[in-house]
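One structure is given below, encoded as structure tokens.
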Amino acid sequence: MDSMLTITDVSRRSGVASSALRYYEERGLITSERAGSGHRRYHRSVLRRVAFIIFAQRIGLTLEEIGAALGKLPADHVPSRQDWSRLSGEWAKRIDELIEELQRLRSGLTECIGCGCLSMDRCRLANPADVAGRKGPGPRYWLG
């Protein structure tokens, strides 16, 4: 137990609030052991899992998706760089899709808001002859 980290240590080293760590543990994303006093103690490898959780959230994964991804890691040993690489490599397509969507949004800002008309039913650039209106309700170009 001496080489293990307290929740305060993990919070300080990861930059994640203790309340979030307890929540991640409640959701099964990280685990701890209990000291004789009942306090949580974490293996040092939890820092990698917490970093992984934060990164996954930044690219838009839900906690359910993150949990499923973490479930693919080996339970019998500390995950290696290769384990992490294999797992995170599955997200390349998702990141590419996010980049594409952000580029479309940026283009929309430039073309639509930049022209000043803000009229999707008459816009000659983004929606000539109200093509989007015939495709259905809502922001059709953004819904795909």
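The values are calculated or read from the model by the stated rules, or taken from the named source; none is laboratory data. Bear in mind the structure is a predicted one, so any value in this text is a computation, not a measurement. The protein model used for the area step is the full one, side chains on, heavy atoms only, and it has no ligands, DNA or RNA in it. Shrake-Rupley method; radii C 1.70, N 1.55, O 1.52, S 1.80 Å.
Taking all protein chains as they are arranged and a probe of 1.4 Å, the heavy atoms of Ser37 leave approximately 80 Å² accessible to solvent. Largest first, the three principal axis extents of the alpha carbons in the range 1-95 are 45, 26, 20 Å in whole numbers. Computed with every protein chain present, the accessible area of Glu90 is close to 100 Å² [probe 1.4 Å].
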